[in-house]
Number of protein chains: 2
Amino acid sequence: MKNLILASTSTIYGSKYLEYLLPELKIFFKNVNKITFVPYARPSGISYEAYTKIVSTAFKTIDIEVNSIHNCKDKQHAIENAEGIFVGGGNTFVLVKELYDQKLMGILKASIDKGIPYLGTSAGSNIAGQTMQTTNDMPIVYPPSYATLGFIPFNINAHYLDPDPTSKHKGETRETRLKEFHTYNSIPVLGLREGSWLEVKENKIILKGGLSARWFQKGKLPIEIGSDKIVNYKS
Amino acid sequence: MKNLILASTSTIYGSKYLEYLLPELKIFFKNVNKITFVPYARPSGISYEAYTKIVSTAFKTIDIEVNSIHNCKDKQHAIENAEGIFVGGGNTFVLVKELYDQKLMGILKASIDKGIPYLGTSAGSNIAGQTMQTTNDMPIVYPPSYATLGFIPFNINAHYLDPDPTSKHKGETRETRLKEFHTYNSIPVLGLREGSWLEVKENKIILKGGLSARWFQKGKLPIEIGSDKIVNYKS
């Protein structure tokens, strides 16, 4: 049975890396002693080593060891035989390109479909959707495809931000960007605010974290989905 | 001689479409009766017709007629024989894909190199750089390449925004995104604030509009370039 947590962000304002999620992760990973970490998204261009250190420090507080895939000789084996998998945030283009280059997309999909618990934050959540096309990141590398893992039947927009009515900036708002996306694509998009996550148990998807999320469909006005509600993507 | 105006934005807060630039454009296009407009970037997914209408209304105030390329049977001819060219803003991925699909990249480059005056705003300015990789837009379509027109020997980041020290949002700042870009690329980037534009006369590039701009180079701290200064990209 698919078993995922897909969080908008690793970190919320005023707290440490993953801190707000740790009580949830302690339950989610209760039978897990060691997770396989995918550091490929490299937030701010940080090295794999430095990123793994940050992640290890956070997981140590809930007694979980971290094995980063960049240290594994047989990466496919490390995914297939993981007790749990964590794909961290950063740049989605970089993450997706590296997963394709390392030929890990297929094995990651098959392993999670079989039931290995998966945690994604930010870019790691984006790739759980149908495509990476609702990322907020810059196209700093050219991936061979935008298609991603498709664990959920829609796309995620992480770090979703409401328009600021007082802003004098004329760049596009997030809502305008998603409207542009739906000019060319029909995949629904869930705008996940920072502090929210999705709990995915096979085909049941529930919004968690106490905030509402914004649901965008082609040709329709966006609607709000309340916390603890099922995301009814068939509507 | 190359002759370009590359503006960060078409519109600044509290004023009408192109309004702040019209006095400059009246001089820039002083020998031009009709411009060829490229509406492909489709801001907010607007139709070509609706976009052309907005642009025509603005240019009418300086007695310039607008001929949109979507209405031209022979698009290559329309570019080659234009008195002036305006590529408007919107989504850079959509713009670049359409220019490749219509086989207009080469002819556009050759025509501007020969001296046809070129105005770009936002996405239309991005494509004047080496690559479109410092766009802020969502990858809502998949272009065959990120390579763009290369009229200037660096990239532009349009609508450049300084980090907000009071923000509680944990998504990446523009500066962080550009730092990530320089992890994988060595092309310098000019962050052009809204209200700024570049005046390009062959190889002389001057910052205009009264604001400073932010210059990013791989492995160096960003610096500010003052208004009316030459952008010394050889430094």
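The numbers here are math on the coordinates, done by the rules we state, and not lab data. Fair warning: this is a prediction, and the values are worked out from it, not measured in the lab. Note that each Cβ is placed from the backbone with ideal geometry, even for glycine, and that neighbours are counted across all protein chains shown.
The Cα center of segment B:106-140 and the Cα center of segment A:198-214 differ in position by 41 Å. Considering only alpha-carbon pairs that sit under 8 angstrom and 6 or more positions apart, the relative contact order computed for chain B is 22 percent. Residues considered: A:K220, A:K16, A:K168. Largest GNM mean-square fluctuation over chain A, using C-alpha springs under 10 Å, is found at A:K168. Taking the C-alpha atoms only, the angle from helix A:92-101 to the longest principal axis of chain A is near 50 degrees. Ignoring aspartates and glutamates fewer than eight residues from B:K179 along the same chain, the ones with Cα atoms less than 18 angstrom from its Cα are A:D137, B:D137, B:D162, B:D164, B:E224.
With the convex hull of the Cα atoms taken as the outline of segment B:41-139, the averaged projected area works out to 6.3 nm². Straight-distance candidates among the aspartates and glutamates for linking to B:K16, with alpha-carbon spacing under 12 Å and chain neighbours fewer than 8 residues away dropped, are absent. Placing unit charges on each Cβ (+1 for Lys and Arg, -1 for Asp and Glu) gives segment A:3-225 a dipole about its Cα centre, and among A:S10, A:S212, A:F86 the Cα reaching farthest toward its positive end belongs to A:S212.
Excluding same-chain neighbours fewer than eight residues apart, the lysines reachable from B:K229 by a Cα-Cα span under 17 Å are B:K201, B:K204, B:K208. Take the alpha-carbon centre of segment A:2-21, take the same for segment B:33-67, and report the distance between them in whole Å. So the separation of the two Cα centres works out to 45 Å. Distance to the B-onto-A rotation axis is smallest for one chain B Cβ; residue and value in angstrom are B:P139, 3. Spacing of the modelled spin labels on B:H77 and B:E224, each 7 Å from Cα toward Cβ, amounts to 5.2 nm. For segment B:99-235, rounded, prolate or oblate, judged on the Cα gyration tensor with a ≥ b ≥ c (square roots of eigenvalues), a/c < 1.5 rounded, else prolate if a/b > b/c? Here segment B:99-235 falls in the oblate category.
Need one number: % antiparallel among DSSP beta bridges in chain B, to the nearest 5.
On the way: 18 of 35 bridges.
Given both bridge residues lie in chain B, the antiparallel proportion sits at roughly 50 percent.
Two numbers describe the Cα atoms of segment B:3-225: Rg and Dmax, which are 16.7, 52 Å. Helical runs assigned H by DSSP (4 residues or longer) give chain A a calculated mean residue ellipticity at 222 nm of -7000 deg cm²/dmol, each run adding -39500 (n - 2.57) before division by the residue total. Can you compute the label reach from A:S212? Point 7 Å from Cα along the Cβ direction, backbone N cut-off under 18 Å, restricted to segment A:98-135. Under cut-off, by backbone N: nothing. When the Cα atoms of segment A:30-77 are aligned to their principal axes, the ranges along those axes come out at 31, 25, 12 Å in descending order. Modelled this way, with points 7 Å down the Cα-to-C-beta line, the labels at B:Y233 and B:D113 are 1.5 nm from one another.
Over the Cα atoms of the protein assembly as shown, what is the Rg over Rh ratio if Rh follows Kirkwood? All intermediate terms of the calculation are to be shown ahead of the outcome.
On the way: Rg = 23.3 Å, Rh = 23.3 Å.
With Rh from the inverse mean 1/r over Cα pairs, Rg/Rh is 1.00.
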